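Q: Submitted below is the structure of interest, expressed as structure tokens.
The values are calculated or read from the model by the stated rules, or taken from the named source; none is laboratory data. Note that the structure is predicted; figures quoted are calculated from it, not measured. Every residue, glycine as well, gets a Cβ built from its backbone with ideal geometry; the counts of neighbours run over all protein chains shown.
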Amino acid sequence: MAKTSLQKARARAFKLQNGCCFYCGQRMNQSPITKCTAEHLQARSEGGGVVGNIVAACWYCNNHRHRSRIPMVPEAWQVYVGRKVQQKRWPTLT
Ligand SMILES: [Zn+2]
């Protein structure tokens, strides 16, 4: 089966980020919570496309951002998670 452009963009982002999550900076792998997901910096519903709009984030960070009713924008979420990681209040995923 041919890869979709989204899968290609995710693979490209994964490489660019050296396999580390855009938010928590931890290395992604194949486990259910650390697997690499494609995160849209601008939501598709807001007209965000694929090119230049995809970063690789681990499932945990991606999933938690979308848990709030009004998810934080990616930039804010990155700062938030980064702070939690520094405080060691973000799970170690590896
Ligand atoms: Zn992460």
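Q: Out of region 72-91, which residues are more than 11 Å from the ligand (Cβ to nearest atom), under 13 Å from CYS24 (Cα atoms) and part of a loop (DSSP other than H, G, I, E, B)?
A: GLN87, LYS88, ARG89
Q: Just to be sure before I move on: is GLN30 assigned to a loop (DSSP other than H, G, I, E, B) and loosely packed, with under 12 Cβ neighbours inside 10 Å in the structure I sent? Before the answer, list the steps.
A: Working: assigned to a loop (DSSP other than H, G, I, E, B): yes; loosely packed, with under 12 Cβ neighbours inside 10 Å: yes.
Here the answer is yes, as GLN30 does meet what is asked.
Q: Would you point out the residue of region 62-72, among those that are exposed (fewer than 13 other Cβ atoms within 10 Å of the Cβ) and of a type outside the set (A, V, I, L, M, F, W, C), that is nearest to LYS35 (Cα to Cα)? Break it down stepwise before answering.
A: The first filter runs over region 62-72 and keeps only residues exposed (fewer than 13 other Cβ atoms within 10 Å of the Cβ), leaving 63, 66-70.
Going one step further and asking which of them are of a type outside the set (A, V, I, L, M, F, W, C), we end up with 63, 66-69.
Numbers: ASN63: 11, HIS66: 16, ARG67: 18, SER68: 21, ARG69: 23 Å.
In this case the residue turns out to be ASN63.
Q: Condition first: at pLDDT 95 or above, away from the ligand (no atom under 14 Å from the Cβ) and not aliphatic (A, V, I, L, M). Now tell me which residues in region 14-35 satisfy that.
A: Correct list: LYS15 only.
Q: Looking at GLU39, GLU46, GLU75, which one is crowded, with 17+ Cβ neighbours inside 10 Å and under 26 Å from LYS8 (Cβ atoms)?
A: Numbers: GLU46 fails: crowded, with 17+ Cβ neighbours inside 10 Å; GLU75 fails: crowded, with 17+ Cβ neighbours inside 10 Å.
When all the criteria are applied, what remains is GLU39.
Q: In addition: If I filter region 36-60 down to residues being out of contact with any strand residue (DSSP E or B) (no Cβ under 7 Å at 6 or more places or on another chain), in a loop (DSSP other than H, G, I, E, B) and touching a residue at least 24 places away in the same chain (Cβ under 8 Å), which single residue comes out as farthest from the ligand (Cβ to nearest atom)?
A: Here the answer is VAL51.
Q: Would you be able to say whether some residue in region 63-71 is within 19 Å of GLY19 (Cβ to Cβ) and within 12 Å of the ligand (Cβ to nearest atom)?
A: Step one: filter region 63-71 for residues within 19 Å of GLY19 (Cβ to Cβ), giving 63.
Subsequent filtering for residues that are within 12 Å of the ligand (Cβ to nearest atom) retains 63.
Taking every residue of region 63-71 in turn, at least one turns out to be within 19 Å of GLY19 (Cβ to Cβ) and within 12 Å of the ligand (Cβ to nearest atom).
Q: Let me ask something additional. Among the residues of region 14-27, which ones are surrounded by fewer than 13 Cβ atoms within 10 Å (Cβ to Cβ) and part of a loop (DSSP other than H, G, I, E, B)?
A: ASN18
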